[in-house]
1. Considering the alpha-carbon set of the stretch 1-57 alone, what are its Rg and its Dmax in angstrom?
2. From the convex hull of the Cα coordinates of the chain, what is the mean projected area in square nanometres?
3. Which order do 99, 82 fall in if you start with the one that has the fewest other Cβ atoms within 10 Å?
4. Label the stretch 59-122 by shape, choosing from rounded, prolate and oblate, from the square roots a ≥ b ≥ c of the eigenvalues of the Cα gyration tensor; if a/c is under 1.5 it is rounded, and otherwise prolate applies when a/b is larger than b/c, oblate when it is not.
5. If packing is taken as the average number of other Cβ atoms within 10 Å across a peptide's residues, how do 43-55, 105-117 rank, most packed first?
6. Considering the convex hull of the alpha carbon atoms of the stretch 29-83, report its projected area averaged over all viewing directions, in nm², one decimal.
7. Run through the DSSP bridge list for the chain and note the antiparallel percent, rounded to the nearest 5.
8. If you find the alpha carbon centre of the stretch 91-122 and of the stretch 26-82, how far apart are they in angstrom?
């Protein structure tokens with residue numbers, strides 16, 4: 001039996017092209033495929049890709065989680081060597097920081113679709 005390989009993580013959103021443009025800018029990854037409601041980015045160094053898929057009725061998750069609010073299903077962690085510069089780059093690309101920051105060596109931000117993601121120091 002062959003072992004599956006994780007090829008792509010897919011993020012639901014209301015606008016796949018907007019969200020893909022954000023992650024392409026943040027990560028420096030090329031967009032390798034486009035459809036009306038789906039966009040694929042690939043790491044130029046190999047590894048798992050990232051896709052954005054538009055869904056009717058998409059509701060952004062709340063963070064921190066709270067009862068009765070849309071819960072997140074996952075979040076992305078990005079390892080960085082300069083937290084301040086990486087945070088500034090993310091904000092310039094369209095991210096927004098949360099008021100609550102749980103640790104000094106981690107920054108929690110939300111992408112344009114409202115998904116929380118973390119930048120953390122190596």
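1. 11.9, 39
2. Details: hull surface 37.5 nm².
The directionally averaged projection comes out at 9.4 nm².
3. 99, 82
4. Cα axes put the stretch 59-122 in the prolate bin.
5. Final packing ranking: 105-117, 43-55.
6. One quarter of the hull surface, i.e. the mean projection, equals 5.7 nm².
7. Among the beta bridges of the chain, antiparallel pairing accounts for roughly 60 percent.
8. 13 Å
Readers should treat all values here as calculations from the given coordinates under stated rules, not as data from a laboratory. These numbers come from a predicted model, not from an experiment. Note that each Cβ is placed from the backbone with ideal geometry, even for glycine, and that neighbours are counted across all protein chains shown.
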